[in-house]
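Q: Shown below is the structure under consideration.
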Amino acid sequence: MPRAGLGTAAVVAAGADLADEIGFAGLTMGRLAERLGVRTPSLYKHVAGQDDLNRRIAALALDEAAGAIGAAIQGLAGRDALRAAARALRAFVVAHPGRYAATIGLEPTGPEDPIALAAARLLEPFSAVLRGYDIAPADTTHALRAMRSVFHGFATIEAGGGFQWATGTDESFEWLVDLVDRGLCAGSATQPTRSAVH
């Protein structure tokens, strides 16, 4: 029996849940319709098609990740905030690998695209973490990209089952947090910026 009161938000949430279960690559409109107990054409009342569904799931995932990281760093600064942000991102990606995979490789259509707005919200808690370090303004973007990239990379590899060695991933992750912390401390505003080095 079709589900009554089905709306866009419910369709997108169900799609995100299904992507987490079966993998983002396996998510199709047909499989989602089956999950929701409706015929595939019924979904087009709520999303424009597969691409629209994917983009809405990506925006949802970015928003959820931003909320989780922002809550994790409340009241913290410096290494404590860095560690909390890194752990929150890792936990989100490992718990929601399908929906997070939707965020990879999508280009916003403009500054008001929901993906662009959600991505900006995701960067806010990482920017807050950086304020606990003495980073030169000219290096802020570099530091932000580096910090997000290393934690994103670790989490996505882990979520995909890419770590096969015997050493525990928790230990490796804490080692990575320490590495990033030392790098941010070494890259403080008291150090010459890259452009000033000859």
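Q: To test your reading of the geometry: what angle, between 0 and 90 degrees and rounded to tens, separates the Cα axis of helix 114-130 from the longest principal axis of the chain?
A: Helix 114-130 sits roughly 30 degrees off the main axis of the chain.
Q: Once you list every other residue whose beta carbon is under 11 Å from the beta carbon of residue 173, what net charge do they have if Lys and Arg are +1 and Asp and Glu are -1?
A: On the way: positive: 83, 87, 90; negative: 158, 170, 171, 174, 178.
Overall, the nearby charge balance is -2.
Q: Starting from 0.36 nm per residue, how many nanometres of slack lie between residue 51 and residue 31 once their C-alpha separation is accounted for?
A: 5.7 nm
Q: Compute a Gaussian network model of the chain, connecting alpha carbons closer than 10 Å, and tell me which residue from 81, 48, 102 fluctuates the most.
A: With Cα springs under 10 Å in the chain, the top fluctuation among 81, 48, 102 is at 48.
Q: To test your reading of the geometry: what angle, between 0 and 90 degrees and rounded to tens, separates the Cα axis of helix 8-22 from the longest principal axis of the chain?
A: Helix 8-22 and the main axis of the chain meet at about 70 degrees.
Q: Which far-off residues, 5 or more places away or on another chain, put their amide H under 5 Å from the one on residue 135, with H placed in the peptide plane?
A: Those lying under 5 Å, H to H, from residue 135 are 189.
Q: For an R0 of 25 angstrom, estimate the FRET efficiency from the Cβ-Cβ distance between residue 179 and residue 71 and round to the nearest 0.05. Don't skip to the end; give the middle numbers.
A: Working: r = 25 Å, r/R0 = 0.99.
So the FRET efficiency works out to roughly 0.50.
Q: Could you state the angle between the C-alpha long axis of helix 140-159 and the longest principal axis of the C-alpha atoms of the chain, as a value from 0 to 90 degrees rounded to the nearest 10?
A: The angle comes out near 50 degrees.
Q: At 1.4 Å probe size, with the rest of the protein present, what percent of the exposed accessible area of the chain is carbon and sulfur atoms?
A: On the way: 5980 of 10670 Å².
C and S fraction of accessible area: 56 percent.
The values are calculated or read from the model by the stated rules, or taken from the named source; none is laboratory data. Keep in mind the model is a prediction, meaning the values are calculated, not measured. Here Cβ is always computed from backbone atoms with ideal geometry, including for glycine, and neighbour counts include all displayed protein chains. Accessible surface is based on the protein model in full, side chains and every heavy atom, while ligands, DNA and RNA are left aside. Shrake-Rupley method; radii C 1.70, N 1.55, O 1.52, S 1.80 Å.
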